[in-house]
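Here is the structure we will look at, set down as structure tokens.
The values are calculated or read from the model by the stated rules, or taken from the named source; none is laboratory data. Computed from a prediction, not measured in an experiment: that's the story for all the values here. Glycine gets a Cβ as well: all are built from the backbone with ideal geometry, and neighbour counts include every protein chain shown. Just the protein is used for accessible areas: all its heavy atoms, side chains included, with ligands, DNA and RNA removed. Shrake-Rupley method; radii C 1.70, N 1.55, O 1.52, S 1.80 Å.
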Amino acid sequence: MNAAPRILAVIDEILASAEPGARGALWHLAEPGRELDANLVRLPPGAEVGEHQEDVLDVLLVVLEGAGSVRAGAEGGQVLELGAGAVLWLPRTSRRALAAGADGLVYLTVHRRRPGLAIKPPAGAYEGGEGPCMLDRVCPECGRLSQDPAPVFCSRCGERFPER
């Protein structure tokens, strides 16, 4: 049997029903069996998603409301100005930092669904006992497990991780 297309969300309705100060992922694609991930993210005025790098996936970012900028590369890298309607490609392995302008920034990210996390012990390692606890690497906003051993910002929704 073929899958049927359907409307999953109406962005204007999601934004209208969100708390005025809400930030981070307001909606995400959660359909079982999907091959894509998508997130609707809102950053309040002046908020930032700190410099990070996505090593596995290309990300498409579409600005829906507001304005801001993305710094590509390390400190002092190229700054790209973003406004409503801008479509930005963030290739895997690119370093980037995102900043909302004076009116905030609302954007949609779309990327291939992440493969399941597989933790393998190093060769010759003792395989008994419990594995390491990685709860400090789980985003408190969207639940994504960060690949970074000491994350500062979530690469999916932009939420800051708690101080350690």
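Rounded to the nearest 10 square angstrom, Leu135 shows an accessible area of 130 square angstrom against a 1.4 Å probe. The C-alpha radius of gyration of the stretch 1-75, expressed as a fraction of 2.2 N^0.38 Å, stands at 1.34. Solvent-accessible area per residue in the chain equals 63 Å², computed with a 1.4 angstrom probe and all protein chains kept.
Once C-alpha pairs closer than 8 Å and six or more residues apart are averaged by separation and normalised to the residue number of the chain, the relative contact order reads 25 percent. On the accessible surface of the chain, probed at 1.4 Å, how many percent belong to carbon and sulfur atoms? Carbon-and-sulfur percentage of accessible area, whole number: 55. Along its first, second and third principal axes, ordered by size, the chain spans 53, 52, 29 Å in Cα coordinates. Dipole magnitude for the chain: computed about the Cα centre from +1 point charges on Lys and Arg Cβ and -1 point charges on Asp and Glu Cβ, it is near 340 debye. In a solvent-free Debye calculation with one equal scatterer on each Cα, what is log10 I(q)/I(0) for the stretch 60-107 at q = 0.18, 0.19 Å⁻¹, listed in the order of the q values? Once normalised to I(0) and log-transformed, intensities are -0.50, -0.55. Here the sum of -39500 (n - 2.57) over DSSP H runs of 4 or more residues, divided by the residues of the chain, equals -1000 deg cm²/dmol at 222 nm, to the nearest 500.
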